[in-house]
Amino acid sequence: MKHGGLSRLAEEAVSHNARVRKRVLLRRGEVAGVTQVSLAVFPPNEGAPAHAHADMRELFVCKTGAGVAVVEGREIALAPGEFLLVDAGESHEIRNTGAEPLEVWCMGFADGKPDGGLSSLSTEPLAAPPPEGAGIPAVRKPGPTRRIVGVDFFAGSLDALVENAMKGGLVVVPAAPALATDFMRSAEYREALLSADIATTDSGFMVLLWWLRTGKWLRKHSGLAFLRALLRNADFRAARIFWIMPTEAERERTKTWLADNGIAAEDADFYTAPFYGKKGAVEDETLAARIAARRPAAVVVGLGGGTQERLGLFLRRRLDFTPGIFCIGAAIAFL
C-alpha cells in the first residue's frame, strides 16, 4: 500500500518549463504500465511547449482554471472537468490562458505494442476466444456488459451478478496488476478472461479510466463484494460448494469461518492446490476428478490472480457439468 497527501508531496519543475510546478503521486515502475501520475500547476501565461513522446500516452484532466491544449495543431479549450488523451507520437502543448493558476492532472501510460494495453481501453478484442469444443457448454456472457480491451465486463447490479453467477460458468475478477501485466504477457491468462462467462470490475483504476475516456460510468464489483453477496445468498448457502485454497492453514481458517457462520462444508469439499507455476496452461486432473465426484453447485477458487483464472478455464473445459467457478482470489481473507 502507498498512502500520502498532496500537501505533503514536494513541488518539482516539469521537464518542459521550470516555472510550471507539479506534485508527483506515482512514478515510473511503481505500477505496471503507468509512467507517472501528477498534479501540475501552470501560472497565468505559462505553458509546456510543444513536444511528443514516442512510447507514452498521456491523459490530462483539467482540475481548475482555464487554458488551451494544442494537439497536432488542433486547439482544444480546457476547463474544469475537461479531459484529453494524447497518443504516443502526437505533438502537444498546454497553456494557461486565464488569470488564475491552471491545475491539470497528468497521467502517463506506457504505449507498448500496437495492439495496446489497459491504457488503450479498446472496445475491440485482442484475440477472439477459441471456438467451443465438443462437449464444452457455450459461454453465456449475460448482459449488460461493457467491452474493455476485448473483455466483456459485467455492468449490472451486484444482485444480478450473483444471480447470473449461480447459473454456472466461469466468473473471473481480474485485478489491475494482472490486467496491466499478465493480460499482455500471458496468452493463457488472456484466453481465460476472454473465454469467461462473467468478468467483474474489480479494478477501480480501470473503472476511473473508462469514465475519463468515455464519460460513461461502470459499476465496480470487487472480489470481496462479490464473495460477501454470495455468502448472503440463500441458494449459495444451501448448496454444496467446493473450496480450492492455497495452503493448509488457509483451508483450516476457511473451514472454521464457514462453520462459525452457519455454512456447512465437509472435508471432502476442500482442496489444497499445489504450486501451478506462473506461466503456461494449468491442468490438474486430480482436482477435476475430486470436483466431478462431489458435483458441487459452485467451485470457489481462492488462489492468486493470474493463476486462478488459468485453473478456472481448465475446469470450465474439463468438467462434464457446469458449476459456477468463482475466481475470488484472497477475498475470503478479508471477511
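Each row is one residue, and each column tells you yes or no for (1) at pLDDT 90 or above; (2) under 20 Å from Asn233 (Cβ atoms); (3) among the hydrophobic types (A, V, I, L, M, F, W, C).
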| residue | (1), (2), (3) |
| --- | --- |
| Thr145 | no, no, no |
| Gly156 | yes, yes, no |
| Leu161 | yes, yes, yes |
| Ala175 | no, no, yes |
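It is to be established whether one or more residues within segment 46-69 are part of a strand (DSSP E or B), touching a residue at least 60 places away in the same chain (Cβ under 8 Å) and hydroxyl-bearing (Ser, Thr, Tyr). Give the derivation first.
From segment 46-69, those part of a strand (DSSP E or B) are 47-51, 56-64, 67-69; that's our starting set.
Then keep just the ones that are touching a residue at least 60 places away in the same chain (Cβ under 8 Å); that gives 57, 59, 61.
Next cut, hydroxyl-bearing (Ser, Thr, Tyr) only: none.
No - not one qualifying residue is present in segment 46-69.
How many residues, within segment 249-294, are among the acidic types (Asp, Glu) and either over 20 Å from Ala330 (Cα atoms) or surrounded by fewer than 11 Cβ atoms within 10 Å (Cβ to Cβ) (or both)?
Looking only at that region, the number is 6.
Given the residues Gly312, Gly304, which is the only one that is within 24 Å of Met166 (Cα to Cα) and open to solvent by 40 Å² or more (accessible area, probe 1.4 Å)?
Working: Gly312 fails: open to solvent by 40 Å² or more (accessible area, probe 1.4 Å).
Checking each option against the conditions leaves just Gly304.
For segment 196-206, what are the residues that are under 15 Å from Ala165 (Cα atoms) and among the small types (Gly, Ala, Ser)?
Within segment 196-206, Ala196, Ala199 qualify.
Collect the residues in segment 60-80 that are more than 24 Å from the chain's Cα centre (by Cα) and either open to solvent by less than 60 Å² (accessible area, probe 1.4 Å) or among the aromatic types (Phe, Trp, Tyr) (or both), keeping them in residue-number order.
So in segment 60-80, the residues more than 24 Å from the chain's Cα centre (by Cα) come out as 62-80.
Matches in segment 60-80: Cys62, Thr64, Gly65, Ala66, Gly67, Val68, Ala69, Val70, Val71, Ile76, Leu78, Ala79.
Mind checking which residues of segment 146-174 are without any contact (Cβ under 8 Å) to a residue 40 or more places away in the chain and open to solvent by 40 Å² or more (accessible area, probe 1.4 Å)?
Taking segment 146-174 and keeping what is without any contact (Cβ under 8 Å) to a residue 40 or more places away in the chain, we get 147, 149, 160, 163-164.
Residues satisfying the conditions are Arg147, Glu163.
For the subset of segment 226-248 comprising residues that are part of a helix (DSSP H, G or I) and open to solvent by less than 50 Å² (accessible area, probe 1.4 Å), which member is nearest to Arg294 (Cα to Cα)? If you could, list the steps in order and put the result at the bottom.
First, the residues of segment 226-248 that are part of a helix (DSSP H, G or I): 226-232, 234-238, 248.
Those left that are additionally open to solvent by less than 50 Å² (accessible area, probe 1.4 Å): 226-227, 229-231, 236.
Values: Phe226: 24, Leu227: 21, Ala229: 24, Leu230: 20, Leu231: 20, Phe236: 16 Å.
By that ranking, first place goes to Phe236.
Quick check, is Arg23 under 27 Å from Pro177 (Cβ atoms) and out of contact with any helix residue (DSSP H, G or I) (no Cβ under 6 Å at 6 or more places or on another chain)?
It is false that Arg23 is under 27 Å from Pro177 (Cβ atoms) and out of contact with any helix residue (DSSP H, G or I) (no Cβ under 6 Å at 6 or more places or on another chain).
The values are calculated or read from the model by the stated rules, or taken from the named source; none is laboratory data. Being a predicted model, the structure only gives us computed values, none of them experimental. Using ideal geometry, Cβ is built from the backbone for each residue, glycine included, and neighbour counts are taken over all protein chains shown. When the accessible area is computed, the model is the full protein with side chains, heavy atoms only, and any ligands, DNA or RNA have been set aside. Shrake-Rupley method; radii C 1.70, N 1.55, O 1.52, S 1.80 Å.
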